[in-house]
1. Pick from Lys64, Lys69, Lys76: which is basic (Lys, Arg) and surrounded by fewer than 16 Cβ atoms within 10 Å (Cβ to Cβ)?
2. Given (1) part of a loop (DSSP other than H, G, I, E, B); (2) at pLDDT 85 or above, where does Arg135 come up short, assuming only one miss?
3. So if I check each of Glu89, Glu104, Glu58, Glu125, which one is in a helix (DSSP H, G or I) and over 30 Å from Asp29 (Cα atoms)?
4. Output the number of residues of the range 91-126 satisfying the condition of being under 15 Å from the mean Cα position of the chain (by Cα) and either over 16 Å from Gln61 (Cβ atoms) or at pLDDT below 95 (or both).
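The values are calculated or read from the model by the stated rules, or taken from the named source; none is laboratory data. Being a predicted model, the structure only gives us computed values, none of them experimental. Here the Cβ positions follow ideal geometry from the backbone for every residue, glycine too, while neighbour counts run over all protein chains shown.
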Amino acid sequence: MKQRRHPRPEDWDDAEMDDEPDGPPEPPDPPIGQPIRPFKRWYGAIVPDWLMERKSTEISQGAKLAYGKLAQRAGKNGKAFPSEAKLAEDLGVSKSQVKRYLVELRDSGLIRYKQRGLNQSNDYEFLSHEWQRGRTRAEEGEEKEDSE
């Protein structure tokens, strides 16, 4: 199965960028150490704020990144099928570490997965979770400050 490629920055239309300053477009690869505008410059995994804001006692940073990579690979049906080896390569960790992240995500109630067959990748499915509906830690802090 061929992976669908995400559009690259050079494929984006500068006219669609609302916050783009006037002036000439930025060269694709400015010299090292020079300022860049990161707005729509890269593509990749996105870790939702509702997950990023969770304390490390609730879920590890690595599990958060693994969730983002799984979400990036999810299709229209909401399922992802990357191999543990591919996730390990994407995250820059060992396969055994990926397995620990996946167990952590499963035990936290964020995903479920099942083996599709011998020598095949798992079938990953994302689950609705109370963290997705909860208020942010910043909002909780503001309420505490207001009540004092």
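1. From the options Lys64, Lys69, Lys76, the qualifying one is Lys76.
2. For Arg135, the exception is condition (2).
3. Going through Glu89, Glu104, Glu58, Glu125 in turn, the sole match is Glu104.
4. Summing the residues that are under 15 Å from the mean Cα position of the chain (by Cα) and either over 16 Å from Gln61 (Cβ atoms) or at pLDDT below 95 (or both) in the range 91-126 gives 4.
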